[in-house]
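As structure tokens, the structure follows; a few thoughts come after it.
The values are calculated or read from the model by the stated rules, or taken from the named source; none is laboratory data. No experiment lies behind these values; they were computed from the predicted model shown. Accessible surface is based on the protein model in full, side chains and every heavy atom, while ligands, DNA and RNA are left aside. Shrake-Rupley method; radii C 1.70, N 1.55, O 1.52, S 1.80 Å.
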Amino acid sequence: MAACGEVERMKRREFLVTGLSATLATPAAASEFQVEFGSARAQVEIEGEAGPEFESLVKRWLDRSAGAVQSYYGRFPVPEVYFHIIVSGGAGVRGGQTFPGDLPLIRARVGRNSSEADLLHKDWVMVHEMVHLAFPWMNQRNNWMAEGLAVYVESIARVHAGHLEPARIWADFANMMPRGLPAPGDGGFDVTVNWGRTYWGGAIYCLVADIAIRRQTEGRFGLQHALRAINAERDFRREWDFIETLEIGDRATGTRVLVEQYEAMRTTAVSTDLDALWRDLGVRSDDGGAGALDDDAPLAAIRRAIESPLPA
Ligand SMILES: [Zn+2]
């Protein structure tokens, strides 16, 4: 993630307001169109050579991805967003980035030979980028939270929307979360910054917080309630104070989980016993990655609650 230049932001704002492609001066643009996600408006620019079938597929991909995010947050996280889709060679999504500003920008590279399976079933990048929109833009020190959150919520949201089976995401978590554990000599989240700690360490923070909130409130609230409350007051358009943001989430659940867990982990490396966590949640990670789930495990009810969408 990085901040856009003011000039680019101005151009995008002008584009959305006027709807005139001429103001953008982007000769390589193949097409521009608008889509809506509930009450949210999105402007889509596809840059590069691609036909109407590709444009139709991109529309369905954005809509399906937004549907997962809307199922988790109860709405699309920002009122307006700009998508800059760059057509590349090959197939599949070749990376994405989200930029803050009055009109947030999501930029993604998509192979012109992408199939429905590539965009509508295999891709996780667009949901990840859209999840960023629901949390304030974070400076470098607290970026682990923004990225960990996007990793965690992307998976859960896709389960809620029916795009993934629960067993699949738990198998992925069991497989990948060990990469987020601190190595000997590492400091806390604000001290030791690397890929594993940022993406998967941040995801561990979210999972542990989700479980703690559900235990402390006897199942009345989870991390999802905290994140919806944060998104109701703040979003990715600008940077906000990190602890104040966590406090909004804690107030919504009547706990101190987010702030206290952050205070415990910000400078000191805390190693979570993931094997014990999977055992308690009923996630069997030892059967070749098939992700078998045990509903008799002590925290299986919490695992199933995490997998279940909130009532509309
Ligand atoms: Zn990200």
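Jot down the per residue volume, in cubic angstrom and as a whole number, of the convex hull over the alpha-carbon atoms of region 135-203.
Convex hull volume per residue, Cα atoms: 71 Å³.
Hey, what's the per residue convex hull volume over the C-alpha atoms of region 104-243, in cubic angstrom?
141
Using only the heavy atoms of the protein chains and a 1.4 Å probe, how would 39, 155 rank by accessible area, largest first?
39, 155
For the chain, what is the calculated [θ] at 222 nm in deg cm²/dmol (nearest 500), taking -39500 (n - 2.57) for each run of four or more DSSP H residues and dividing by its residue count?
Using -39500 (n - 2.57) per qualifying helix, the result is -13500 deg cm²/dmol.
How big is the chain by the Kirkwood estimate over distinct Cα pairs, in Å?
Kirkwood hydrodynamic radius for the chain: 20.2 Å.
Kindly report the accessible area of region 140-307 per residue (heavy atoms of protein chains, probe 1.4 Å, no ligands, DNA or RNA), in Å².
43
Which value, to two decimals, describes the C-alpha radius of gyration of region 162-309 once divided by 2.2 N^0.38 Å?
Normalised by 2.2 N^0.38 Å, the Cα Rg of region 162-309 equals 1.06.
How much accessible area does residue 84 have with a 1.4 Å probe, in Å² rounded to the nearest 10?
Around 20 Å² of this residue is reachable by solvent.
Got a number for carbon plus sulfur as a percent of the chain's accessible area, 1.4 Å probe?
48
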